[in-house]
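Peer 1: My structure is below; once you've seen it, I'll send some questions.
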Amino acid sequence: MAEQSDVTLDRDNSEEPKIKTERREGEPTGAFKGASWTALLIGVLAYLIGLFNATMQLNEKGYYFAVLVFGLYAAVSLQKVVRDKEEGYPVTTIYYGISWFAIVIAILLMAIGLYNAGSIILSEKGFYAMAFTLSLFSAITVQKNVRDTQKARNE
């Protein structure tokens, strides 16, 4: 299998060479990959810093941390199983169903936890909800980018 060059020099219409980055077919751009990783880090770090600084009890902090970890895993698992099914890879019905069930449960646990949290003011509830949502969405995007990049490099 021949390797593609990642960098070429472009000397058209200028005296100084310009470096152009070539992507493989189907590979996400570096900017999109970077934005996805940045969003994931911002979402998770903001959520964790918020938990660290919260005045809630340690068992409540543990609950919200566990919901975040569960939600991230469920989101990545769902993205993978949906993509596998779409691309014709064998996916068992039970795993497909469990993946959907897990993401729904993670979102419900977050929503119910925030709704019933009497010690958290409304703006903090919104902060946790938005950081959780950003984290889930960006985890899906990062997983998709990793898969697309790997697929493009294997072809």
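Derivation of every value follows stated rules applied to the coordinates shown; laboratory data play no part. From a predicted model like this one, the values you see are computed outputs, not experimental measurements. Neighbour counts are summed over all protein chains in view; Cβ atoms, including those assigned to glycine, are modelled from backbone coordinates with ideal geometry.
Peer 1: Could you please find all residues in the range 69-107 being in contact with a helix residue (DSSP H, G or I) (Cβ under 6 Å, 6 or more places away or on another chain) and among the small types (Gly, Ala, Ser)?
Peer 2: Once the filter is applied, which keeps residues that are in contact with a helix residue (DSSP H, G or I) (Cβ under 6 Å, 6 or more places away or on another chain) and among the small types (Gly, Ala, Ser), the range 69-107 yields Gly71, Ala74, Ala75, Ser77, Ser99, Ala102, Ala106.
Peer 1: I've got another one for you. (1) among the hydroxyl-bearing types (Ser, Thr, Tyr); (2) touching a residue at least 12 places away in the same chain (Cβ under 8 Å); (3) in a helix (DSSP H, G or I): which one isn't true of Thr55, the others all being true?
Peer 2: (3)
Peer 1: Looking at this structure, is Ala66 closer than 26 Å to Val146 by Cβ and loosely packed, with under 15 Cβ neighbours inside 10 Å?
Peer 2: Considered against the rule, which asks whether it is closer than 26 Å to Val146 by Cβ and loosely packed, with under 15 Cβ neighbours inside 10 Å, Ala66 comes out as yes.
Peer 1: So, one more: Among the residues of the range 81-98, are any part of a helix (DSSP H, G or I) and either over 30 Å from Thr149 (Cβ atoms) or in contact (Cβ under 8 Å) with a residue 40 or more places away in the chain (or both)?
Peer 2: Checked against the condition, which is being part of a helix (DSSP H, G or I) and either over 30 Å from Thr149 (Cβ atoms) or in contact (Cβ under 8 Å) with a residue 40 or more places away in the chain (or both), the range 81-98 yields at least one hit.
Peer 1: Turning to a different aspect of this structure: Is it the case that the range 108-120 has a residue that's assigned to a loop (DSSP other than H, G, I, E, B) and either of a type in the set (S, T, N, Q) or within 21 Å of the chain's Cα centre (by Cα) (or both)?
Peer 2: Checked the range 108-120: at least one residue is assigned to a loop (DSSP other than H, G, I, E, B) and either of a type in the set (S, T, N, Q) or within 21 Å of the chain's Cα centre (by Cα) (or both).
Peer 1: If the Cβ limit is 9 Å and pairs must be 6+ apart or interchain, which residue in the range 123-152 that is hydrophobic (A, V, I, L, M, F, W, C) pairs with which residue that is surrounded by fewer than 15 Cβ atoms within 10 Å (Cβ to Cβ) and not in a helix (DSSP H, G or I)?
Peer 2: Cβ pairs passing all conditions: Ala152/Arg23; Ala152/Arg24; Ala152/Glu25; Ala152/Gly26.
Peer 1: On the given criteria, is Leu48 under 22 Å from Val104 (Cβ atoms), assigned to a helix (DSSP H, G or I) and of a type outside the set (S, T, N, Q)?
Peer 2: no
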